[in-house]
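The values are calculated or read from the model by the stated rules, or taken from the named source; none is laboratory data. The structure displayed is predicted, hence computed values, not measured ones. Please note: Cβ atoms are built from the backbone with ideal geometry, for glycine as well, and neighbour counts cover all protein chains shown.
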């Protein structure tokens with residue numbers, strides 16, 4: 001899965017993208033609008049709590065592969081690029097980690113599910129309590 005993100009008018013308030021704790025996801029940042037004719041000559045990513053598994057760049061874009069994170073936390077991964085005219089630009093990618101991988105279980109697995117409660121976080125941010 002790959003997500004191309006850019007400037008959002010809501011970037012100060014809302015996360016730019018999301019992932020689950022178990023997902024390993026590539027995010028692509030298109031820098032063309034910021035470069036004013038320059039090209040990228042170096043790129044570095046800081047996951048700030050997320051694991052940076054790998055990163056690459058082209059003349060006009062950067063890609064980062066992120067994994068990990070804790071459910072319910074919004075991380076700010078930071079991308080620093082240097083350009084062909086030795087300018088340095090820094091942009092932040094806000095990543096909300098939500099949802100969890102659920103292991104299916106049944107009474108045939110030897111689990112007593114009587115009286116069990118399940119607290120689910122839905123994609124729209126609402127919680128659903130099943131009893």
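Have a look at 85, 39, 51 and point out the one that is under 20 Å from residue 98 (Cβ atoms) and at pLDDT 95 or above. Talk me through it step by step, then tell me what you get.
Numbers: 85 fails: under 20 Å from residue 98 (Cβ atoms); 39 fails: under 20 Å from residue 98 (Cβ atoms).
Going through 85, 39, 51 in turn, just one is under 20 Å from residue 98 (Cβ atoms) and at pLDDT 95 or above: 51.
The residues of the range 12-63 that are part of a loop (DSSP other than H, G, I, E, B) and free of Cβ contacts under 8 Å to residues at least 12 places away in the same chain, listed by number, are 12, 13, 36, 37. Taken over the range 64-73, the criterion of being in contact (Cβ under 8 Å) with a residue 40 or more places away in the chain and either out of contact with any strand residue (DSSP E or B) (no Cβ under 8 Å at 6 or more places or on another chain) or under 14 Å from residue 23 (Cβ atoms) (or both) is satisfied by 65, 66, 67, 68, 69, 70, 71.
With respect to (1) modelled with pLDDT under 95; (2) surrounded by fewer than 16 Cβ atoms within 10 Å (Cβ to Cβ); (3) more than 12 Å from residue 91 (Cβ to Cβ), the lone exception for residue 76 is condition (3).
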